[in-house]
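Below is one structure, written out as structure tokens, with a few remarks after it.
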Amino acid sequence: MLAELPMILWVLLMVVAFPIIDLTTVFFRITFLYAGIHFASISAARANTFAVPIDGKPSAKSEVTSKINQIQKCFTGLAVTNIDTAILITKNDTLAQSSQSAPLAVAADQSVNSYQIEVSADCSAQPLIPIPIPVRIEGLNAPITVHLSAKQYCENPQGLTI
């Protein structure tokens, strides 16, 4: 039994413990990323304008960028690319949705449409201890990539034209 102990410990550590630690770390990092995306969408929905800052107050797009960068700086092993801030327009009678990344051309009409801010990004999270195996497995020896998005109803729809 004493001769088999090193092999059993190696199997327990390399096959069970380290993969569980890596997957747990990746899960927590993705959770932090989603919380950051969600928080960014809330801040963008509260902004007074969509693209251009006015009266010293940031726009929705700049709020999204600053909140996501803030989350990236707080935690290690996170990467965010392709950040997109869009306006989702939903017709109140048919529930048909359209999306656009530019400010509205005409003033918002809340009796006809509802307006949401959608923040989406491609995110990746590194495992804590990459396991040296010859096969690339996301979450164990390579970063796992996900596309995260969050939506919030716009508090100032009239500012979506700016």
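Go through (1) in contact with a Phe, Trp or Tyr (Cβ under 6 Å, 6 or more places away or on another chain); (2) loosely packed, with under 15 Cβ neighbours inside 10 Å; (3) among the aromatic types (F, W, Y) and name the single condition F27 misses. With (1) in contact with a Phe, Trp or Tyr (Cβ under 6 Å, 6 or more places away or on another chain); (2) loosely packed, with under 15 Cβ neighbours inside 10 Å; (3) among the aromatic types (F, W, Y) applied to F27, the lone miss is (1).
Checking segment 136-149 against the condition returns a match, with at least one residue being of a type in the set (V, I, T), closer than 30 Å to I20 by Cα and touching a Ser or Thr at 6+ places or on another chain (Cβ under 6 Å).
The numbers here are math on the coordinates, done by the rules we state, and not lab data. None of these values were measured; they are calculated from a predicted model. Positions of Cβ are backbone-derived with ideal geometry, glycine not excepted, and every protein chain shown enters the neighbour counts.
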